1. Put +1 on the Cβ of every Lys and Arg and -1 on every Asp and Glu Cβ in segment 76-209; which of SER181, PRO147, TRP80 then has its Cα farthest towards the positive end of the dipole?
2. Hey, how many Å between the Cα centroid of segment 62-131 and the Cα centroid of segment 1-29?
3. Using +1 at the C-beta of Lys and Arg and -1 at the C-beta of Asp and Glu, which of PRO240, THR102, VAL212 has the Cα lying farthest in the positive direction of the dipole of the chain?
4. Please compute P(r) over all alpha-carbon pairs of segment 224-296, binned at 10 Å starting from zero, and give each bin as a whole-number percent.
5. So what is Rg over Rh here for segment 1-82, counting just Cα atoms and using Kirkwood for Rh?
6. How long is the gain from ARG398 to ARG235 if the chain were fully straight, where each residue apart is worth 0.36 nm and the alpha carbon distance is subtracted?
7. Assuming R0 = 51 Å, what is the FRET efficiency of GLU205 and LEU456, from their Cβ-Cβ distance, to the nearest 0.05?
8. Compare the Cα positions of TYR268, ALA36, ALA190 along the charge dipole of the chain (+1 at Cβ of Lys, Arg; -1 at Cβ of Asp, Glu; about the Cα centre) and return the one farthest towards the positive end.
Amino acid sequence: MDTTYDVKIWKIAARKQAKGTTYTVRWFLGGKEWRAPFATAALADAFRSELVSATRRGEPFSVTTGRPVSHKSGASEVSWYDFAVQFVDHQWHRTSGNSRKTTAKALTAATVALLKAPVPSTFDPVLFRRALREYGFNTRRRADAPPEVLLILKWIERNSETMAAWESTTKVDAVLRAVSSVLDGTTAAASTVKRNRRVLNVVMEHAVKHDVLRVNPLPKGRGSTPKTSTAVDKRALLNPHQAAHLLAWVQGRPRGGKRLHPFFATMYYAGARPEEVIAMDVMDVRLPAADAPDQWGELLIHTAQPEVGKHWTDDGAIHEERGLKGRAADDMRVVPCRPALTKILREHVEREGLKPGALLFQGEKGEMLAGSVIRRAWRSARSETLTPEEYASPLARRVYDLRHTCLTNWLNDGVPPAQVAEWAGNSVPVLLAVYARCIVGHLNDLKSRIEAGGDLPEV
């Protein structure tokens, strides 16, 4: 039975916190305690009065929602799956390809946790999740879903809980466990958990805004999401000897080595992001005259081409053209090109016969350099040049670690953080949060400065 008359309503509990006082209405029914927090005492008192009035009228309470039957929100009339699909469509044209993909992954996990019936054994588990992730929650592909996928989506539509499930703390906990775990049941990486919960929070705020839910049911405050660190792992950074061996191996690679070497060198010497280097064309490199090879040049970085997959872009391309991260759409930054990189890029342009306007780094057929090619070459370089112990360690495990190494080197060489942040395309607070623990070589000087301040005088 979904209703009960056995309801006990307690006094409003006030709890002082750093951000202000929270007033919580507490009541007991269906064998468990229910809570509803409010920002003001007046709101809490009004809600409690509604509950008390319902009990005086002899009105039954829903065991699922904890509310009086007459207090039902629009949530009970809306399917979770239908709402999630509508949310995806609403957000599609205002979000990037990577955001679309992240949203689809989070909603897939939540939808599986909000099914009213077990998934039939006749459905392939991999195809079941792929149907949701790549078709159900993909605005561009949904209409082109193959018959076997449509069969799965129709079953999900029939067996999805309503939005009223979000008014049950038990269901909310189940969803949060689902988006915090990988398929084998183990806990996902903290960054993944945080990202998935952030997606769900946006979905819930959308539900509140459109009067489907009264309040955002997701827990707030300290401890509601796992802590993540943005600081660079010092073990991932390369020393000059290691970097030289890795880049030399790439350069000597029989297939595409001479084209990939300048790409990796640009990341190591100029600290650009991979998607920024991929987007550069010949006109973005300002090199000194050919008779002055030992002079500095400039790199003009103004566009990024992140690889998101052809299913998530508007035009079906693998890459999606975007402005620089965290900057205005038409913004640009200028990065110094040291003589060593000047020489590498000049030789690269001449050897490949690149003309103004052409991509600076190209694939075998002149197309945009693929991320799979870059990652495969880097894995091979690590396996061939590093010791077994180094290969098993975090040392340069990601191509992105070339950027981390460059920025760390600039800071350790005494370049002011504000200048490094400008060259790197970061804010100073972000730069210091990420790289502060990797700054070395200044300890003796700092000790001398502290000591020069003098000790306490004798008294």
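1. Final value for the positive-end residue is SER181.
2. Segment 62-131 and segment 1-29 have Cα centres spaced 28 Å from each other.
3. VAL212
4. Reading the bins upward from 0: 14, 34, 34, 12, 5, 1, 0.
5. Working: Rg = 13.9 Å, Rh = 13.7 Å.
Radius of gyration over Kirkwood radius for segment 1-82 works out to 1.02.
6. Details: separation 163, 0.36 × 163 = 58.68 nm, distance 1.19 nm.
Answer, rounded to one decimal: 57.5 nm.
7. Working: r = 56 Å, r/R0 = 1.09.
E(calc), rounded to 0.05, equals 0.40.
8. ALA36
Read-outs: derived from the displayed coordinates by stated rules, not from any lab. What you see is a predicted model, and the numbers here were worked out from it, not measured in a lab. Counting neighbours? That spans all protein chains shown, and the Cβs are built from the backbone with ideal geometry, glycine included.
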